[in-house]
Amino acid sequence: MSSEKDTTHFKKTIQNNPNNKKIPKQQDKLITQIAIKYNISPDKAKKLVLEAIYDGKNNSNLTNKTLKNKISQDTTHLKPKTPNIIIQSNEKNNENITSDNSQQPKKQQDIDSILSDIIPTYEQKLSIELQNINLTFEITHDKMDTLKETFIRTITKTKSKNIKFQALKNINLKIYKGEKIGIIGYNGAGKSTLLKVITGIYPPDSGKVITYGKISPLLSLGAGFDLNYSGRKNIYLNGAVLGYDKEFLKEKEREIIEFSELEEFIDIPIKNYSSGMLAKLGFSIASIVQPDILIVDEILGVGDVSFRKKSNDKMKSLMDSGTTVILVSHTINQIREICDKAIWIDKGTIREIGEVNEVCDNYIKDSENASKEEIANIQFK
Amino acid sequence: MINKEKLFLLEEIVKKNFAAKYKDSYLGILWSVIKPLLIMILLTIIFSTLFARRVENYPVFFLSGKCIYDFFSAGTTLTMNTIKYNKNILKTTPAPKYIFLLGGVISEFLNFIITLIILIAVMIVARVSFPNTIIFSVLPIASLLIMITGIGLTLSILRMYYTDIEHLWSVALLMGMYASAIFYPMDIIPEPYHGYLILNPVFWIINQFRSLALYGTIPDLLYIINSFLISLILLIFGIIIFKKFEKQVTMKF
């Protein structure tokens, strides 16, 4: 474990020169030590160290123990062998742990801006940024979408008041390039709404959505398929709707058809297709592009068993290679498997954000108290 | 604003609109030719003797008005319903909505071009000489195109808030058709009511088109500018309304 001397020295260098452009040697040493110890990449280690330092800066009783503590908290999931030791050391130094879990998400955001000020090489590219997102739906009880109704009700003053339902409340979120985020929450918590806001389908009432790079929303397969078109024509139609260009589709047409396993049927109108075939075609078109941000809402695995496996593999290959992934799923194990960070949405707010297993565990614990409607269809195990 | 991807989307939407119009029909696009011709023949049989003294070449007179008005009515109706028809796409992808509306206007415009070809054919058959001014008839057509886009944008939003707009607009279109002097000459209307016809901007355009394409007379320049202005105002109004409500409409699905 790193010596106390190292950290205090490092702390001082950072604190004394907030604009220090070069990373001091001691810091490098510390970072490599931590990286080796917890089996994580040097970049990640650097981030953890700096985060810990920053935490300490705001809270004057920084000691080597709190630093270690912080690092161990953030690395428990990375190496399953070490946690035991770390937890032990945590218990011993319990009095030094500052319990400010509620403010954690907020703090993490500040850290990034400060870190990038201190160290220019601190590279964490933002992928998605949500600032103070609020979204309300208006729910009308009576059908009031005709002119006649509106007119009569305005005159007779029986206009029913629209009930406003706040689907998202003050969501602040930063997602970095390459992060795999799982969104969990009970039915009606606002998960899909959040995805639609990120994708740009729903306009937030207030707040800002900033995204960097090409987004590929796999919210539903085969949006805009024309039933009278042949499969081949639908590739172009659906591709255009998804924002591909013509040359790209011409180039990829073969690949799409091959992947969909529909060579024999590709030139007949898709009204003759089975729903499984439609899903195969839709998936093949949607997954042909390598996006920067992949947004998935419960569509892993379509078609028959063999295709399901194939599409799952394709999905995984899309998710690798530095793609930012946002996945909404009711299958908690899927989230645990794919994601490394989870966001728990509850009644339109972010209830918890953090390491995936931790959040999922808390979520499952909480679900015991939830009503039946809230947890219908959710597979916890 | 319009890049390669959007242009491609536009192309696909126009193709799809065309395909949808003639789906499962044996004659396909030929219906664009047959329909106005049949109606022209019918109305010529009924009215040509009645208006023989007032209108020369009744078939050409009727068909020119009919082409313009059909474009207006089909263009506004299709754009009005575009958001509803493409609900499933717009609900799940961030595809730009205005491209879908433009696609509606353009596919109906292409249809209009086909009917213009019939008009020219009928003019040749009826031995109507083509005046030199026919080249300027693109002016009222351009004005009409702008007007249709503007009205379509506004209606497409209204349609999502009030379902009856669809029926209301079809009644308005029917009234508009009778008020556009398509199958009767303007001078059968009693003098005091002439002023009301002037309220109908489509009538202006039909009038300008007829004088440029059939009679070889150039209408008052102010008349042409006015109809352009009206169209522009409608377009700007449409764009403002559309921009304002475009996104809110998604929440209504």
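All of the numbers you see were taken from the coordinates with simple rules; none came from a lab. Remember, predicted model here, so these are calculated numbers, not experimental data. Cβ: placed from backbone, ideal geometry, glycine included. Neighbour counts: every protein chain shown.
Taking R0 as 30 Å, what FRET efficiency do you get between B:Leu197 and B:Ala19 from their Cβ-Cβ distance, rounded to the nearest 0.05?
0.20
How many nm separate the modelled label positions at B:Lys87 and B:Ile134, each set 7 Å beyond the Cα in the direction of the Cβ?
Calculated label separation equals 4.6 nm.
Evaluate the distance, in nm, between pseudo-label points positioned 7 Å from the Cα of A:Ser306 and of B:Tyr26 along their respective Cα→Cβ axes.
Here the answer is 4.2 nm between the modelled labels.
May I ask for the distance between the Cα centers of the range B:51-120 and the range A:210-241, given as a whole number of Å?
Centre-to-centre distance over Cα atoms comes out at 27 Å.
Only Lys, Arg, Asp and Glu count, each charged at its Cβ (+1, +1, -1, -1), so figure out the dipole size of the range B:4-252 about its Cα centre, rounded to 20 debye.
Here the range B:4-252 has a charge dipole of around 760 debye.
Please tell me which of these pairs span more than 29 angstrom C-alpha to C-alpha: A:Lys125/B:Lys15; A:Lys44/A:Lys372; A:Lys271/B:Lys84; A:Lys252/B:Lys244?
Those over the limit are A:Lys125/B:Lys15; A:Lys44/A:Lys372; A:Lys252/B:Lys244.
Quick check on the range A:204-362: what does the Kirkwood estimate of hydrodynamic radius come out to from the alpha carbon pairs, in Å?
17.0
Compute the angle between helix B:4-21 and the longest alpha-carbon principal axis of chain B, please, reported from 0 to 90 degrees and rounded to the nearest 10.
Helix B:4-21 sits at roughly 60 degrees to that axis.
Simple spin-label model, 7 Å along Cα-to-Cβ: A:Asp320 to B:Val125 in nm?
The two pseudo-label positions are separated by 6.8 nm.
Please identify every one of the chymotrypsin sites (Phe, Trp or Tyr not before Pro) in the range B:102-189 that sits in a loop by DSSP and has no more than 15 other beta carbons within 10 Å of its own beta carbon.
Sparse-neighbourhood loop chymotrypsin sites (Phe, Trp or Tyr not before Pro): none present.
Sorted from largest down, give the three principal axis spans of the alpha carbons of chain B, whole angstrom values.
Dimensions of chain B along the principal axes of its Cα atoms: 59, 44, 33 Å.
Apply 1/(1 + (r/R0)^6) to the Cβ-Cβ distance of B:Lys244 and A:Asp313, taking R0 = 56 Å, and write down the FRET efficiency to the nearest 0.05.
The pair B:Lys244/A:Asp313 has a calculated efficiency of 0.80.
Of A:Lys191/B:Lys87; A:Lys191/B:Lys6; A:Lys280/A:Lys314; A:Lys174/A:Lys208, which sit over 19 Å apart, Cα to Cα?
A:Lys191/B:Lys87; A:Lys191/B:Lys6
Under a 10 Å cutoff between Cα atoms, tell me which one of B:Asn226, B:Asn200, B:Asn88 has the largest fluctuation in the Gaussian network model of chain B.
B:Asn88
For chain B, set up a GNM with springs between Cα atoms under 10 Å and report which of B:Pro219, B:Pro201, B:Pro192 has the largest fluctuation.
It is B:Pro192.
Which FRET efficiency, nearest 0.05, do A:Lys44 and B:Ile189 yield, Cβ-Cβ r, R0 60 Å?
Efficiency, rounded to the nearest 0.05: 0.15.
Percent relative contact order of chain B, based on C-alpha pairs within less than 8 angstrom and at least six residues apart?
RCO, chain B: 28 percent.
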